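For reference, the structure is listed below as C-alpha cells.
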Amino acid sequence: MKAYILSIAGAVLLSAVITAIAPNGKMGKFVKGTLKLLVLTIMLAPMISWTGNKSFSFPSGSYTSDESYFAACAEMMERSDEEAIAAFLKTEYSVESQATSEREAKAGFSVKKITVKITDFGIIEQDKHIDIIGKIQGALEKKYGCPAEVS
C-alpha cells in the first residue's frame, strides 16, 4: 500500500512540475492530458489486481479476409486500368485500342497481365507504324511491371 501511495504522489508531483513548464498552446494541452491519463492509470492499477489477479488482455480471435470484397476491388481496378491504358495509348501513340487488365484479388492487387488489341493505328508517317506494337508493349511492361500482350 505504501508503494501505491508513493507512486500516486510521485506521478502527481511529476505532472505538476511538467505542467508548470509546459507551453500553453496545443502541445501543452496534449502534455497535460497525457499526464492526467498517467495519474488515472496509476490510480486504477489496484483495481485490476482486485479482480482476481487476472491480467488485462483482449481475447484472441481469428481473422479472415473477405474474398468477395477483394474480388470486387480488383475488378474495379481492372476497369480503371483498362480506361487508363486506352487513354494512354490514344495520347502517346495515337492508336485506338481495347485493353484488358488482370489483377490479383489479394491485398496487394498487383497487375498480373495486360492484353491490348489495337483496333485502329490512325494516321502514322511512313514506316513509323512498323515497330509501334513493340514500343507499346515495352511501355506497358515498364509502366505496370507485368507481361503485356499487344496485337
Inside segment 97-122, the number of residues satisfying the requirement of being open to solvent by 50 Å² or more (accessible area, probe 1.4 Å) and in a strand (DSSP E or B) is 8
If you check A45 against the conditions, is it among the aliphatic types (A, V, I, L, M), at pLDDT 90 or above and assigned to a helix (DSSP H, G or I)?
no
Could you pull out the residue among S101, S110 that is within 21 Å of E78 (Cβ to Cβ), under 30 Å from the mean Cα position of the chain (by Cα) and at pLDDT 90 or above?
S101
Output the number of residues of segment 48-86 satisfying the condition of being open to solvent by 50 Å² or more (accessible area, probe 1.4 Å), modelled with pLDDT of 90 or more and not charged (D, E, K, R).
3
Quick one: is S94 open to solvent by 60 Å² or more (accessible area, probe 1.4 Å) and either modelled with pLDDT under 90 or touching a Cys at 6+ places or on another chain (Cβ under 8 Å) (or both)?
yes
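What number of residues within segment 123-137 are touching a helix residue (DSSP H, G or I) at 6+ places or on another chain (Cβ under 8 Å) and either modelled with pLDDT under 85 or not aliphatic (A, V, I, L, M) (or both)? Walk me through it before giving the result.
First, pick out the residues of segment 123-137 that are touching a helix residue (DSSP H, G or I) at 6+ places or on another chain (Cβ under 8 Å): 124, 132, 135-136.
With either modelled with pLDDT under 85 or not aliphatic (A, V, I, L, M) (or both) added as a condition, the list becomes 124, 132, 135.
The qualifying residues number 3.
The values are calculated or read from the model by the stated rules, or taken from the named source; none is laboratory data. Bear in mind the structure is a predicted one, so any value in this text is a computation, not a measurement. Please note: Cβ atoms are built from the backbone with ideal geometry, for glycine as well, and neighbour counts cover all protein chains shown. These area figures cover heavy atoms from the full protein model, side chains too; ligands, DNA and RNA do not enter into them. Shrake-Rupley method; radii C 1.70, N 1.55, O 1.52, S 1.80 Å.
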